[in-house]
Amino acid sequence: MGIRKKTNKNPPVLSHEFIIQNHADIVSCVAMVFLLGLMFEVRLGSCVLYVSLSEGLPEESVVNHFHHGLQDVATVFFYMLVAIIIHAIIQEYVLDKINRKMHFSKTKHSKFNESGQLSAFYLFSFGWGTNILMSENFLSNPVNLWEGYPHTLMPFQMKFFFICQMGYWLHALPELYFQKTKKEDIPRQLVYIALYLVHIAGAYILNLNRLALVLLVLHCFVELLFHVSRLVYFSNEKRQTGFTVWAVLFVLGRLLTLSLSVLTVGFGLSNADEQVLDLAIGNFNVLFVRITVLATICVTQAFMMWKFINFQLRRWREQAQAQPVKPKKPQAPKSKSKKDKANGVNGVSSNGADSPRSKKEKSS
């Protein structure tokens, strides 16, 4: 993310600089329109579609359950606006104040903002996801990850969790423009965002929400440790212990992700009784879908390991270059005996001629 320079000049209305400086206020006004619509009975139905969760069960029950549908697109859009507002609040009231005190360089400034935003998001996602796992007893009984598929019905907290996840990663797309991201960093950011959206939305549509929730909690914990370690490193470059712990947990996280995916999709769903593609009931348990899901997960994990290895090699190379080079010891002067050998033995030089000293001895 680039650096936003605040100036006293007022840019022209609706210009690029005006939108970038005031994008949080503009988005807040748009979100307020939907919230104000809840106060009027005429617009109540359409506004509820954006603000609250839809696609619920028609019958009354003690615990409300929901399933996914096309109306979720409107809800994701609204919470994308909320994510933009929260992003601006964290940036202005937390990260910018720290940046002014620390006086980071341009490169560190950009990386600090990125890690600061993602640390807050991963901390929130990890805590919220862990709470859902504990309340739904998915950790105590792993068989629930595939037993009873398709898992078309979700409790309120689980569906809201996935809506917020998709809204957050969608908000990262306009943030590339709002934060003035450098052109060379845009491809990396787009790949990063696309991987999250494909995996989260894919699991949400294919009713693999239980497996996706477990893997997201695991992934958020590892990523949280990395970005916190990077924030600590920016404050003091000698503190690199967090990167070592993160490296170990990163490898273990990739192995555990592959193990749970193969166990759930490769073994659990393959032994299910109903293996028929049925869009009406949301059953996608067929061989082609299972192979596609496993292949996507394996390719993604391989890509992450390749990036991880390159990151570690670059760190080791930088540490090797930073180590001071030991000065070479001065060579000891040649001994007298070696000079004598060079001049000749017993007054005779190496070319057979008499040395000046031998000539004096002969004349005497």
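The values are calculated or read from the model by the stated rules, or taken from the named source; none is laboratory data. From a predicted model like this one, the values you see are computed outputs, not experimental measurements. Heads up, the Cβs are rebuilt from the backbone with ideal geometry, glycines too, and the neighbour counts pull from every protein chain shown. With ligands, DNA and RNA removed, areas are computed over all heavy atoms of the protein, side chains included. Shrake-Rupley method; radii C 1.70, N 1.55, O 1.52, S 1.80 Å.
Just a few scattered comments:
- Matching option when the condition is open to solvent by 100 Å² or more (accessible area, probe 1.4 Å), within 28 Å of Tyr196 (Cβ to Cβ) and at pLDDT 90 or above, among Phe308, Phe288: Phe288
- The residue pairs whose first member lies in the stretch 67-95 and is over 30 Å from Pro150 (Cβ atoms), whose second member is small (Gly, Ala, Ser) and open to solvent by 30 Å² or more (accessible area, probe 1.4 Å), and whose beta carbons are closer than 9 Å, counting only pairs six or more residues apart or on different chains, are Leu81/Ser28; Ile84/Ser28; Ile85/Ser28; Ile86/Ala120; Ala88/Ser28; Ile90/Ala120; Val94/Ala120.
- Among the residues of the stretch 111-144, those identified as open to solvent by 50 Å² or more (accessible area, probe 1.4 Å) and among the hydroxyl-bearing types (Ser, Thr, Tyr) are Ser135, Ser140.
- The set of residues from the stretch 225-265 being open to solvent by less than 30 Å² (accessible area, probe 1.4 Å) and over 28 Å from Val94 (Cβ atoms) comprises Arg254, Thr257, Ser261, Thr264, Val265.
- So Leu218, is it within 14 Å of the chain's Cα centre (by Cα) and either under 30 Å from Thr107 (Cα atoms) or touching a residue at least 12 places away in the same chain (Cβ under 8 Å) (or both): yes
- Qualifying residues in the stretch 283-294 (those that are part of a loop (DSSP other than H, G, I, E, B) and in contact with a helix residue (DSSP H, G or I) (Cβ under 9 Å, 6 or more places away or on another chain)) - the one farthest from Thr264 (Cα to Cα): Phe284
- Tabulated pairs, the stretch 180-201, first closer than 21 Å to Ala295 by Cβ, second open to solvent by less than 50 Å² (accessible area, probe 1.4 Å) and polar (S, T, N, Q), C-beta under 8 angstrom, 6+ apart or interchain: Leu195/Thr300; Tyr196/Gln165; His199/Thr300; Ile200/Gln165
- Residue count for the stretch 115-129 satisfying the condition of being without any contact (Cβ under 8 Å) to a residue 40 or more places away in the chain and either within 11 Å of Cys164 (Cβ to Cβ) or touching a strand residue (DSSP E or B) at 6+ places or on another chain (Cβ under 8 Å) (or both): 2.
- Summed over the stretch 145-175, residues that are open to solvent by 30 Å² or more (accessible area, probe 1.4 Å) and under 19 Å from the mean Cα position of the chain (by Cα) total 5.
- Subset of the stretch 62-87 that is within 13 Å of Met154 (Cβ to Cβ) and either charged (D, E, K, R) or open to solvent by 30 Å² or more (accessible area, probe 1.4 Å) (or both) - its residue that is modelled with the highest pLDDT: Asp72
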